[in-house]
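S.K.: Sharing a structure with you now.
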Amino acid sequence: MRRLGNVLVTGGAGFIGSSLVRHLLRQEGVGKVLVLDKLTYAGNRANLDGPDRDPRFLFAEGDVNDRGLVSELMEREGITGIFHLAAESHVDRSIEDSTDFIATNVCGTGTLLEVARAAGVPLLHCSTDEVYGSIESPGKAKEDAPLNPSSAYAASKAGADLLCLAAARTHRQDVIITRCTNNYGPRQYPEKLIPFFIKKALRDEPLPLYGDGLQIRDWIHVDDHCRGMLAAWKTGKVGQIFHFSGHCERTNIGIARSILDALRKPHSLLSHVDDRPGHDRRYSLDTEKSLMWFGWQPEVSFKEGFPDVVRALAAELRD
Ligand SMILES: NC(=O)c1ccc[n+]([C@@H]2O[C@H](COP(=O)([O-])OP(=O)(O)OC[C@H]3O[C@@H](n4cnc5c(N)ncnc54)[C@H](O)[C@@H]3O)[C@@H](O)[C@H]2O)c1
């Protein structure tokens, strides 16, 4: 059983990281929770309002590629575990220019692996269903399915995953990988599908759907993802991969309609634009291993969780 102790969360000022920090502060056995975040356009210090009033919370602004800084922070704060979430995370941006994606997602993960190994500290790498590429219905990717990324974002995450697996195999380094489907929840940057569409709907502007809007994603509440990472941390073995999904496949147009319904806006706001190049049709993960290994299942139903999140994001975006 891996312990928590003093935890470093990279990317903790982002969407999922800021939820994970809240979960960690409620866990037994947690000492300090140190967030290292570069505060890129996607990182927001205000995402940590609340947790930052906890005396165990610490924040450092910096880059995961800054090996000297990461080593110094780890030593100074006596870090005993790393949850690595820092990433460039928006597919469209990676299509425009992959440079930052390679630097942060690939090189940054490589740097953290080196520092973690030198310090003898376990690391959980938070990855994505996108590494498998498009999965034909009704198939589901298992953890050993071949990696077949379509975008530079997905390729950079796959590269990071492979570095983690290599470290586990070569050095028996204590690394685990989690791969999750699309998250919904509060504090998501409004370039991503759900908050972006909410922002448009609030202004009565058209919601631009890529292509026919029939691309399928499997949506999970961010709290279920965080619970999964914590469970994987506790019981996962060196080099293991675990999947999380909400078991809730929806088309993008279906999500857009649910948003309009929750905000009582007309479906006539739906519009279609040219499809994204290399756009994957469907992602889908098999989560049987996480159920068998540590009894993980999603707890938040889309029917209950989604309207709450739409209302929360709408309130954030109105401010
Ligand atoms: N959002 C999803 O649906 C989803 C699904 C599966 C996996 N993931 C993975 O979860 C992790 C978090 O995703 P998110 O949606 O919260 O992303 P996000 O873009 O909201 O947050 C990323 C955070 O990382 C920080 N960051 C970026 N580059 C950095 C660097 N070089 N050094 C330090 N900090 C840096 C940013 O400032 C930001 O706070 C990512 O690794 C992503 O690949 C996300």
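The values are calculated or read from the model by the stated rules, or taken from the named source; none is laboratory data. Everything numeric in this text was worked out from a predicted model, so none of it was measured. For neighbour counting, all protein chains shown are included, and Cβ atoms are generated from backbone atoms with ideal geometry for every residue, glycine included.
S.K.: If we scan segment 41-51, do we find a residue that is at pLDDT 95 or above, of a type in the set (Asp, Glu) and more than 8 Å from the ligand (Cβ to nearest atom)? Lay out the reasoning, then the answer.
M.R.: Narrowing segment 41-51 to residues at pLDDT 95 or above: 41-51.
Checking which are of a type in the set (Asp, Glu) leaves us with 49.
Those still in the list that are more than 8 Å from the ligand (Cβ to nearest atom) too: 49.
Yes, segment 41-51 contains at least one residue that is at pLDDT 95 or above, of a type in the set (Asp, Glu) and more than 8 Å from the ligand (Cβ to nearest atom).
S.K.: Restricting to segment 52-66, count the residues that are part of a strand (DSSP E or B), within 14 Å of the ligand (Cβ to nearest atom) and crowded, with 16+ Cβ neighbours inside 10 Å. Working first, answer last.
M.R.: First, pick out the residues of segment 52-66 that are part of a strand (DSSP E or B): 57-61.
In the following step, the residues that additionally are within 14 Å of the ligand (Cβ to nearest atom) were identified as 59-61.
Those still in the list that are crowded, with 16+ Cβ neighbours inside 10 Å too: 59-60.
Here the count works out to 2.
S.K.: Within the group LEU8, LEU69, which residue is within 12 Å of the ligand (Cβ to nearest atom) and over 21 Å from the mean Cα position of the chain (by Cα)? Step through it out loud before you land on a result.
M.R.: Working: LEU8 fails: over 21 Å from the mean Cα position of the chain (by Cα).
On inspection, the qualifying residue turns out to be LEU69.
S.K.: Return the pair list, or none, for Cβ contacts closer than 7 Å from residues in segment 220-237 that are over 19 Å from TYR283 (Cβ atoms) and in contact (Cβ under 8 Å) with a residue 12 or more places away in the chain to residues that are within 11 Å of the ligand (Cβ to nearest atom) and in a helix (DSSP H, G or I), at least 6 apart or on different chains.
M.R.: ASP223/SER19; CYS226/SER19; CYS226/LEU20
S.K.: Which one of these does ILE176 not meet: (1) crowded, with 18+ Cβ neighbours inside 10 Å; (2) part of a loop (DSSP other than H, G, I, E, B)?
M.R.: The number of the failed condition is (2).
S.K.: Of all residues being more than 9 Å from the ligand (Cβ to nearest atom) and within 22 Å of PHE15 (Cα to Cα) in segment 73-95, which is surrounded by the most Cβ atoms within 10 Å (Cβ to Cβ)? Just the residue, please. If you could, list the steps in order and put the result at the bottom.
M.R.: As a first pass, look at segment 73-95 and keep what is more than 9 Å from the ligand (Cβ to nearest atom): 73-83, 91-95.
From the residues that got through so far, the ones that are within 22 Å of PHE15 (Cα to Cα) too are 81-83, 91-95.
Working: GLY81: 21, ILE82: 26, PHE83: 28, VAL91: 19, ASP92: 13, ARG93: 18, SER94: 22, ILE95: 16.
Top of the filtered list is PHE83.
S.K.: Of the residues VAL131, VAL115, only one is over 18 Å from the mean Cα position of the chain (by Cα), surrounded by 18 or more Cβ atoms within 10 Å (Cβ to Cβ) and outside any loop (DSSP other than H, G, I, E, B); which?
M.R.: Values: VAL131 fails: over 18 Å from the mean Cα position of the chain (by Cα).
That would be VAL115, the only listed residue that is over 18 Å from the mean Cα position of the chain (by Cα), surrounded by 18 or more Cβ atoms within 10 Å (Cβ to Cβ) and outside any loop (DSSP other than H, G, I, E, B).
S.K.: With the structure loaded, tell me whether ASP37 is touching a strand residue (DSSP E or B) at 6+ places or on another chain (Cβ under 7 Å), free of Cβ contacts under 8 Å to residues at least 24 places away in the same chain and not hydrophobic (A, V, I, L, M, F, W, C) or whether it fails that test. Give the steps one after another, and end with the answer.
M.R.: Details: touching a strand residue (DSSP E or B) at 6+ places or on another chain (Cβ under 7 Å): yes; free of Cβ contacts under 8 Å to residues at least 24 places away in the same chain: no; not hydrophobic (A, V, I, L, M, F, W, C): yes.
No.
S.K.: Considering (1) under 24 Å from SER151 (Cα atoms); (2) surrounded by fewer than 22 Cβ atoms within 10 Å (Cβ to Cβ); (3) within 21 Å of the chain's Cα centre (by Cα), say which one LYS234 fails and leave the rest.
M.R.: Among (1) under 24 Å from SER151 (Cα atoms); (2) surrounded by fewer than 22 Cβ atoms within 10 Å (Cβ to Cβ); (3) within 21 Å of the chain's Cα centre (by Cα), the lone unmet condition for LYS234 is (1).
S.K.: Being assigned to a helix (DSSP H, G or I) and under 22 Å from ARG187 (Cβ atoms) narrows it down to one of THR109, THR104, THR40, so name that one. Show your work before the answer.
M.R.: Numbers: THR109 fails: under 22 Å from ARG187 (Cβ atoms); THR40 fails: assigned to a helix (DSSP H, G or I).
Result: THR104 is the single residue among THR109, THR104, THR40 that is assigned to a helix (DSSP H, G or I) and under 22 Å from ARG187 (Cβ atoms).
S.K.: Go through segment 197-215 and give me each residue that's under 22 Å from ALA312 (Cα atoms) and either among the hydrophobic types (A, V, I, L, M, F, W, C) or in contact with a Lys or Arg (Cβ under 6 Å, 6 or more places away or on another chain) (or both).
M.R.: Residues satisfying the conditions are PHE197, ILE198, ALA201, LEU202, LEU207.
S.K.: Being touching a strand residue (DSSP E or B) at 6+ places or on another chain (Cβ under 8 Å), modelled with pLDDT of 95 or more and within 11 Å of the ligand (Cβ to nearest atom) narrows it down to one of ILE220, ILE241, ILE253, so name that one.
M.R.: Numbers: ILE241 fails: within 11 Å of the ligand (Cβ to nearest atom); ILE253 fails: within 11 Å of the ligand (Cβ to nearest atom).
Answer to the selection: ILE220.
S.K.: Right, something else. Inspect segment 11-27 for any residue being at positive phi and touching a Gly at 6+ places or on another chain (Cβ under 7 Å) and give the result as yes or no. Spell out the reasoning first.
M.R.: In the first step, residues of segment 11-27 are kept if they are at positive phi; the result is 11.
Next, only the ones that are touching a Gly at 6+ places or on another chain (Cβ under 7 Å) stay: 11.
Yes: one or more hits.
S.K.: Among the residues of segment 11-28, count how many are in a helix (DSSP H, G or I) and either more than 16 Å from the ligand (Cβ to nearest atom) or of a type in the set (A, V, I, L, M) (or both). Break it down stepwise before answering.
M.R.: Of the residues in segment 11-28, the ones in a helix (DSSP H, G or I) are 15-25.
Adding the requirement that they be either more than 16 Å from the ligand (Cβ to nearest atom) or of a type in the set (A, V, I, L, M) (or both) leaves 16, 20-21, 24-25.
Total satisfying the criteria: 5.
S.K.: If you go through segment 196-219, how many residues are surrounded by 24 or more Cβ atoms within 10 Å (Cβ to Cβ) and free of Cβ contacts under 8 Å to residues at least 60 places away in the same chain?
M.R.: 0
S.K.: Just checking, which of ASP280, ASP261, ASP286, ASP274 is under 30 Å from GLN27 (Cβ atoms) and of a type in the set (D, E, K, R)? Walk me through how you get there before you give the answer.
M.R.: Values: ASP280 fails: under 30 Å from GLN27 (Cβ atoms); ASP261 fails: under 30 Å from GLN27 (Cβ atoms); ASP274 fails: under 30 Å from GLN27 (Cβ atoms).
It is ASP286.
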